[in-house]
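**Q** The structure follows.
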Amino acid sequence: NTNNLWLDLEALQKKMRLGKGVMPLPVMSNKKTVDPRDKASAAVLQLETAMGAAIQCFGAEAKAILTPRSRFAPVKTTGDLLALKSDAYEVTPEHCVTLAPERKGVPPIIKLDGSYKFCDQLATLIPDGAPSLLRCTKLTVEGPFVIESGVVFQGEVKLINPSDQPRTVPAGVYKDATL
């Protein structure tokens, strides 16, 4: 899902006229808390519509375009953001973000535990910038860590720290390792 919609504005105008200015889109409810960092904060319902649901309003006239993964880099989690900040991705002369050719179209799998859910928490993991993930297939981080500048992960790497105290990953190459 690239979160993009291309619309025929004349067809949209026609549907809006038929609906007297309203599109009949389904409403989704998501249970959340007022403060996403505090599960004990007041419970709320977020009501939203998915623009992709608008496709149903156009019936057989609607078309889907299959966009190859090489054309976009979705960022839904801080793990996705970590991968994007690394050398697994590059910016082309046309200013497009693409996977590095060495990745052969396959992004690294990044699994960060809940302590890195927000961007400021991710920044504590990589205060000097992202490690090299160019040859990393999977990175799992469980517990508090600080990854220093000059760290290169290759293959499948697991960082596991059951304590509350951050462990430092010093500069070096870590291949198919558990730390």
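The values are calculated or read from the model by the stated rules, or taken from the named source; none is laboratory data. Predicted model, so just to flag it, every value in this text is computed and none were measured. Glycine also receives a Cβ, built like all others from the backbone with ideal geometry; neighbour counts cover every protein chain displayed. Calculation scope for accessible area: heavy atoms of the full protein, side chains included, ligands and nucleic acids excluded. Shrake-Rupley method; radii C 1.70, N 1.55, O 1.52, S 1.80 Å.
**Q** So, in region 129-163, how many residues would count as being touching a Pro at 6+ places or on another chain (Cβ under 7 Å), open to solvent by 20 Å² or more (accessible area, probe 1.4 Å) and more than 17 Å from LEU84 (Cβ to Cβ)?
**A** Residues of region 129-163 that are touching a Pro at 6+ places or on another chain (Cβ under 7 Å), as a first pass: 133, 136-139, 143-148, 151-153, 161.
Now narrow it down to the ones that are open to solvent by 20 Å² or more (accessible area, probe 1.4 Å): 137-138, 144, 146, 148, 152.
Adding the requirement that they be more than 17 Å from LEU84 (Cβ to Cβ) leaves 144, 146, 148, 152.
Of the residues in region 129-163, 4 are touching a Pro at 6+ places or on another chain (Cβ under 7 Å), open to solvent by 20 Å² or more (accessible area, probe 1.4 Å) and more than 17 Å from LEU84 (Cβ to Cβ).
**Q** Here is a further query. Restricting attention to region 33-55, report how many residues are among the charged types (D, E, K, R) and open to solvent by 100 Å² or more (accessible area, probe 1.4 Å). Working first, answer last.
**A** Taking region 33-55 and keeping what is among the charged types (D, E, K, R), we get 35, 37-39, 48.
Add one more test, that the residue is open to solvent by 100 Å² or more (accessible area, probe 1.4 Å), and what stays is 37, 39.
Within region 33-55, residues that are among the charged types (D, E, K, R) and open to solvent by 100 Å² or more (accessible area, probe 1.4 Å) number 2.
**Q** Condition test on MET23, is it modelled with pLDDT under 85, in contact with a helix residue (DSSP H, G or I) (Cβ under 6 Å, 6 or more places away or on another chain) and either surrounded by 12 or more Cβ atoms within 10 Å (Cβ to Cβ) or not small (Gly, Ala, Ser) (or both)? So that I can check it myself, show each step before the final result.
**A** Working: modelled with pLDDT under 85: yes; in contact with a helix residue (DSSP H, G or I) (Cβ under 6 Å, 6 or more places away or on another chain): yes; either surrounded by 12 or more Cβ atoms within 10 Å (Cβ to Cβ) or not small (Gly, Ala, Ser) (or both): yes.
Here the answer is yes, as MET23 does meet what is asked.
**Q** Do you know which of the residues in region 74-97 that are in contact with a Leu (Cβ under 6 Å, 6 or more places away or on another chain) and open to solvent by 30 Å² or more (accessible area, probe 1.4 Å) is nearest to ASP113 (Cα to Cα)?
**A** Checked region 74-97; the qualifying residue nearest to ASP113 (Cα to Cα) is VAL75.
**Q** Sticking with this one: Would region 50-62 turn up any residue that is touching a residue at least 60 places away in the same chain (Cβ under 8 Å) and assigned to a loop (DSSP other than H, G, I, E, B)?
**A** At the first step, the residues of region 50-62 found to be touching a residue at least 60 places away in the same chain (Cβ under 8 Å) are none.
Checked against the condition, which is being touching a residue at least 60 places away in the same chain (Cβ under 8 Å) and assigned to a loop (DSSP other than H, G, I, E, B), region 50-62 yields no hits at all.
**Q** Whether any residue in region 2-10 is over 21 Å from the mean Cα position of the chain (by Cα), aromatic (Phe, Trp, Tyr) and open to solvent by 80 Å² or more (accessible area, probe 1.4 Å) is what I want to check. Reasoning before the result, please.
**A** Narrowing region 2-10 to residues over 21 Å from the mean Cα position of the chain (by Cα): 6-10.
Then drop every residue that is not aromatic (Phe, Trp, Tyr), which leaves 6.
Still in the list and also open to solvent by 80 Å² or more (accessible area, probe 1.4 Å): 6.
Yes, the conditions are met somewhere in region 2-10.
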